[in-house]
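Since the structure comes first, as C-alpha cells, the remarks are kept for the end.
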Amino acid sequence: MKNFIEELEWRGMLHQSMPGVEEHLSEAMRSAYVGFDPTADSLHIGNLVPIMLLAHYQRCGHKPVALVGGATGMIGDPSGKSSERNLLDEKTLRHNQESIKKQLSHFLDFESNDANAAVLVNNYDWMKEFSFLEFIRDVGKHITVNYMMAKDSVKSRISSESDSEGMSFTEFTYQLVQGYDFLHLYKENQCTIQMGGSDQWGNITTGTELIRRIGNGKGFAITCPLITKSDGSKFGKSEGGNVWLDAKRTSPYKFYQYWLNSSDEDAEKYIKIFTFLNEEDINEIIRSHKEAPHLRALQKKLAEKITTMVHSKEDFENAERASNILFSKTFKEDIKTLDETTFLDVFEGVPQAHISRSDFDEGLDMIGALAAKTNFLSSNGEARRALKENSVSVNKEKVTEDYRLSADDLINNTYIILNKGKKNTYIIKVE
C-alpha cells in the first residue's frame, strides 16, 4: 500500500489530521468516508477535492466509502452558510443519489471484486427509522451543549450580525446527525476515518467523540484545504454560476475552458490536486511550462486530464478542437463538425439575428445579411462600404457585394458566421 498521508502532502491536499492516523493506515487496509450533499442531481467542481481524496485513498490500497447525505440533506449543514437551505423530499433525494453515483464512478471503482472496492451509502437509510426520542436518548445525551456551541460553524452563525434569524434547532443539531453517521459506519462498515474540507473539522470531530464515548473505539479525522484562486475570486464559479460535472448543466466545452483559463499559479496547484499524474511527471510539466509560459503547457495538460476524467476522451477532443477553431486554417470544414451546443458555447455573447427559413430560401444578399434584414450594421451604405473595403467574410472566407448566401453556408443547417474586420462577429440563425 502507498502512504496516503505522504501522497496528500506533496499534492497540497492535507490541511489537518488527527495524531496517529498515518500509523493507523500503515497497519492494514482501512475504510474512510466522505459525505456528499444530494441537494442537486449533479456535483460541481467544488466537490472535486473530496472526490479526489477518496480516489487517491482507493489508489493507495484502502477502501473508500461515499456517503450521500439523504438525511443530512433534509437538514442542511450550517458550515460556511449564512442561511438555511431548502429541504428536499425523499423521491428527489433518491434521484439525486443515483445521479451522483454515476458521476463518482468516473473516479471510484464500485464494481471491483477487490476488498477495497468503493461503497455508496445513504444516511437516510439508517436515520429514517430513528425516532426523535430515541435519538436524543441514545445519542444526544453523550454530547454537551457547551461542546456543540464551541464549534466554529455554530459560533459564526450565532454571532453573525447579518443573520438576523440566528440558527434554528434543526441546523444546530446537524453536527450530531453527521457525528452519528460516523458512529454508524464505524460499527457497521468498520469505517475508522472521515475526510472532508477544512470547514468540516468540527462536524468530523463530533463523530470521533461519539465513537469514543458510545463505540468505545477510536476514529480519525483528515481534512483538506478549501481551494482558493490566486485572484481572490471563488473557485468553482464562472460568470454563469457553478461549474457542474453534468454535461447538461455545464457543457464539456465550458468545463474545458474553465481549466484552460486558469492562471499559471492556480494551474500549478490544480494539476497536483485534480489529476493522477505522478510527482515526477508534474514537475516536468511545470519545468516545461516555465521555459515557455506562452504555450500554456500546464493549463492544457490540466484541462485535458480533468475533462477526459469527468466526461470522456471524445468530449475533451471536441472541446480542444472547438477552442482552436477560430484560428483554424480549415475553419469552414472544422466549424461544421461541432454540435450545436458547442457551437453556441464558442460564440456565446455574439450578436444574433433570426431569419425565417422561407426568407432565406428566397435568397439573401450580403446587404440584407449585414444590414437590411439583420441590423448588424447601421445602414445599407455602411454594409456596401465594408464590402468594397474587402473586410466582410462569411464563415471566415472573404466575400464581395454580389455574394448570395445559400444552404452551403449553413452550419448545422442553421447558422452562418459573419465578420466585419477582425473584431466584429455576428451570427445569423435561420429557422
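The values are calculated or read from the model by the stated rules, or taken from the named source; none is laboratory data. Bear in mind the structure is a predicted one, so any value in this text is a computation, not a measurement. Neighbour counts are summed over all protein chains in view; Cβ atoms, including those assigned to glycine, are modelled from backbone coordinates with ideal geometry. With ligands, DNA and RNA removed, areas are computed over all heavy atoms of the protein, side chains included. Shrake-Rupley method; radii C 1.70, N 1.55, O 1.52, S 1.80 Å.
All but one of (1) of a type in the set (Ser, Thr, Tyr); (2) within 30 Å of residue 182 (Cα to Cα); (3) not in a helix (DSSP H, G or I) hold for residue 270; state the number of the condition that does not hold.
(3)
Being open to solvent by 60 Å² or more (accessible area, probe 1.4 Å) and within 20 Å of the chain's Cα centre (by Cα) is the filter here, so list the residues in the range 103-144 that pass it.
Answer for the range 103-144, where residues must be open to solvent by 60 Å² or more (accessible area, probe 1.4 Å) and within 20 Å of the chain's Cα centre (by Cα): 105, 106, 109.
Taking the conditions exactly as written (under 43 Å from the mean Cα position of the chain (by Cα) and open to solvent by 90 Å² or more (accessible area, probe 1.4 Å)), does residue 393 satisfy them or not?
On the way: under 43 Å from the mean Cα position of the chain (by Cα): yes; open to solvent by 90 Å² or more (accessible area, probe 1.4 Å): no.
Answer is no for this residue.
Out of all the residues in the range 132-141, is one or more in a loop (DSSP other than H, G, I, E, B), at pLDDT below 85 and in contact with a helix residue (DSSP H, G or I) (Cβ under 6 Å, 6 or more places away or on another chain)?
Initially, the range 132-141 is screened for residues in a loop (DSSP other than H, G, I, E, B), giving 139.
Subset that is at pLDDT below 85: none.
So far as the range 132-141 goes, no, none of its residues is in a loop (DSSP other than H, G, I, E, B), at pLDDT below 85 and in contact with a helix residue (DSSP H, G or I) (Cβ under 6 Å, 6 or more places away or on another chain).
Conditions (1) basic (Lys, Arg); (2) in a helix (DSSP H, G or I); (3) closer than 18 Å to residue 101 by Cβ, marked per residue:
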site	(1), (2), (3)
7	no, yes, no
10	no, yes, no
14	no, no, no
25	no, yes, no
33	no, no, yes
39	no, no, yes
48	no, yes, yes
57	no, yes, yes
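Yes or no: residue 100 crowded, with 19+ Cβ neighbours inside 10 Å, part of a helix (DSSP H, G or I) and at pLDDT 85 or above? Before you say what the answer is, go through the steps one by one.
Details: crowded, with 19+ Cβ neighbours inside 10 Å: yes; part of a helix (DSSP H, G or I): yes; at pLDDT 85 or above: yes.
Against the criterion (crowded, with 19+ Cβ neighbours inside 10 Å, part of a helix (DSSP H, G or I) and at pLDDT 85 or above), residue 100 qualifies.
Can you name every residue in the range 396-412 that is out of contact with any Leu (no Cβ under 9 Å at 6 or more places or on another chain) and crowded, with 18+ Cβ neighbours inside 10 Å?
409, the sole residue that qualifies.
Can you confirm whether residue 415 is open to solvent by less than 50 Å² (accessible area, probe 1.4 Å) and touching a Leu at 6+ places or on another chain (Cβ under 6 Å)?
Working: open to solvent by less than 50 Å² (accessible area, probe 1.4 Å): yes; touching a Leu at 6+ places or on another chain (Cβ under 6 Å): no.
No.
Answer yes or no as to whether residue 386 is in contact with a Pro (Cβ under 6 Å, 6 or more places away or on another chain), open to solvent by less than 40 Å² (accessible area, probe 1.4 Å) and outside any strand (DSSP E or B). So that I can check it myself, show each step before the final result.
Numbers: in contact with a Pro (Cβ under 6 Å, 6 or more places away or on another chain): no; open to solvent by less than 40 Å² (accessible area, probe 1.4 Å): yes; outside any strand (DSSP E or B): yes.
Criteria not met by residue 386.
Name the pairs whose Cβ atoms lie under 6 Å apart, with the first residue in the range 235-257 and over 15 Å from residue 310 (Cα atoms), the second basic (Lys, Arg), and 6 or more positions between them or separate chains?
Once the first residue is over 15 Å from residue 310 (Cα atoms) and sits in the range 235-257, its partners that are basic (Lys, Arg) give 235/229.
Give 193, 211 a once-over and let me know the one that is assigned to a helix (DSSP H, G or I), crowded, with 21+ Cβ neighbours inside 10 Å and at pLDDT 90 or above.
One residue alone meets the criteria, 211.
How many residues are free of Cβ contacts under 8 Å to residues at least 60 places away in the same chain and surrounded by fewer than 17 Cβ atoms within 10 Å (Cβ to Cβ) when one looks only at the range 350-383?
13
Can you give me the number of residues within the range 1-56 that are closer than 23 Å to residue 283 by Cα, loosely packed, with under 15 Cβ neighbours inside 10 Å and not acidic (Asp, Glu)?
Looking only at that region, the number is 3.
Output the number of the condition that residue 262 fails; it satisfies all remaining conditions of (1) open to solvent by less than 70 Å² (accessible area, probe 1.4 Å); (2) free of Cβ contacts under 8 Å to residues at least 24 places away in the same chain; (3) closer than 22 Å to residue 251 by Cα.
(2)
Can you pull out every residue in the range 222-259 that is of a type in the set (A, V, I, L, M, F, W, C) and either outside any helix (DSSP H, G or I) or open to solvent by 80 Å² or more (accessible area, probe 1.4 Å) (or both)? Before you say what the answer is, go through the steps one by one.
So in the range 222-259, the residues of a type in the set (A, V, I, L, M, F, W, C) come out as 222, 224, 226-227, 235, 243-245, 247, 255, 259.
Within the range 222-259, 222, 224, 226, 227, 235, 243, 244, 245, 247 qualify.
Among 187, 151, which is the only one that is closer than 17 Å to residue 219 by Cβ and either open to solvent by 80 Å² or more (accessible area, probe 1.4 Å) or without any contact (Cβ under 8 Å) to a residue 24 or more places away in the chain (or both)?
None of the others qualify; the one that does is 187.
Please go through the range 11-57 and pick out each residue that is hydrophobic (A, V, I, L, M, F, W, C) and farther than 16 Å from residue 119 by Cβ. Steps first, please.
Kept after step one, since they are hydrophobic (A, V, I, L, M, F, W, C), are these residues of the range 11-57: 13-14, 18, 21, 25, 28-29, 32, 34, 36, 40, 43, 45, 48-49, 51-55.
Correct list: 13, 14, 18, 21, 25, 28, 40, 43, 45, 48, 49, 52.
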